[in-house]
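Participant: Can you read through this structure? Questions will come right after.
The values are calculated or read from the model by the stated rules, or taken from the named source; none is laboratory data. Bear in mind that the values here come from a model prediction, so they are computed numbers and not experimental data. Please note: Cβ atoms are built from the backbone with ideal geometry, for glycine as well, and neighbour counts cover all protein chains shown.
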Amino acid sequence: MENGRKAFAHGHLLTGRDAAHKRLCDMIKERKLPVNLKNRVIYYVGPVDAVRSEVVGPAGPTTATRMDKFTSMILKETGLLAMIGKAERGQDAILAIKENRSAYLMGSVVLLI
């Protein structure tokens, strides 16, 4: 896929942020990954302050650079298809994405239904 191209996807998304990525890497090292991530998509998401008195608060994209140090191992060892988040990625993460033929989807035009 070329930079700037539109991408359409459907199905289930996995969610996680830096703590989840650290745990994934620890499990990969121990060969005890409990889920198959091949061809799956992870949405870098975190909680957002609740609105008024809502019991369940909203969630929103989190900055992807926090996951950069885990990206190479996760992509190489799992076959993850893509990641969704906000902000640019570091050079090491960009290289890992290219080498593993993965994708990083960024921007304000991600509609999750």
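Participant: Filter the stretch 34-45 for residues that are crowded, with 16+ Cβ neighbours inside 10 Å and either small (Gly, Ala, Ser) or touching a helix residue (DSSP H, G or I) at 6+ places or on another chain (Cβ under 7 Å) (or both); which is nearest to residue 67 (Cα to Cα)?
Facilitator: My answer is 44.
Participant: When the residues of the stretch 1-33 are filtered to those that are more than 16 Å from residue 77 (Cα to Cα) and among the acidic types (Asp, Glu), which remaining residue is surrounded by the fewest Cβ atoms within 10 Å (Cβ to Cβ)?
Facilitator: Result: 2.
Participant: Any residue in the stretch 78-95 that is closer than 20 Å to residue 40 by Cβ and without any contact (Cβ under 8 Å) to a residue 60 or more places away in the chain sitting within a Cβ distance under 9 Å of a residue that is assigned to a loop (DSSP other than H, G, I, E, B) and small (Gly, Ala, Ser)? List the pairs, counting only those 6 or more apart or interchain.
Facilitator: 79/102; 80/102; 81/9; 81/102; 83/102; 86/107; 86/108
Participant: Now, a different point. Residue by residue through the stretch 83-102, note down the ones that are surrounded by fewer than 19 Cβ atoms within 10 Å (Cβ to Cβ) and closer than 21 Å to residue 10 by Cβ.
Facilitator: 101
Participant: When you go through (1) within 10 Å of the chain's Cα centre (by Cα); (2) under 18 Å from residue 94 (Cα atoms) one by one for residue 14, which number turns out not to apply?
Facilitator: (2)
Participant: Also: State all residues of the stretch 59-89 that are at pLDDT below 95 and among the acidic types (Asp, Glu); if no residue qualifies, say none.
Facilitator: The answer is 88, and nothing else.
Participant: Is there any pair with a first residue in the stretch 4-20 that is in contact (Cβ under 8 Å) with a residue 40 or more places away in the chain and a second that is of a type in the set (Lys, Arg) whose Cβ atoms are under 9 Å apart and which are 6 or more apart or on different chains, and what are they?
Facilitator: 13/40; 17/66; 18/66; 18/69
Participant: If we only count strands (runs of 3 or more DSSP E) wholly inside the stretch 1-68, which ones have 1 or more residues that are in contact with a Gly (Cβ under 8 Å, 6 or more places away or on another chain)?
Facilitator: Where strands (runs of 3 or more DSSP E) fall fully within the stretch 1-68 and carry at least 1 residues being in contact with a Gly (Cβ under 8 Å, 6 or more places away or on another chain), they are 41-47, 59-61.
Participant: Listed residues 92, 49; which is at pLDDT below 95, more than 21 Å from residue 5 (Cβ to Cβ) and acidic (Asp, Glu)? Write out each step before concluding.
Facilitator: Details: 92 fails: at pLDDT below 95.
Going through 92, 49 in turn, just one is at pLDDT below 95, more than 21 Å from residue 5 (Cβ to Cβ) and acidic (Asp, Glu): 49.
Participant: Please pick out the residue among 71, 62 that is within 16 Å of residue 103 (Cα to Cα) and either touching a residue at least 60 places away in the same chain (Cβ under 8 Å) or surrounded by 15 or more Cβ atoms within 10 Å (Cβ to Cβ) (or both). Quick ask: steps written out before the conclusion?
Facilitator: Working: 62 fails: within 16 Å of residue 103 (Cα to Cα).
Of the residues listed, the single one that is within 16 Å of residue 103 (Cα to Cα) and either touching a residue at least 60 places away in the same chain (Cβ under 8 Å) or surrounded by 15 or more Cβ atoms within 10 Å (Cβ to Cβ) (or both) is 71.
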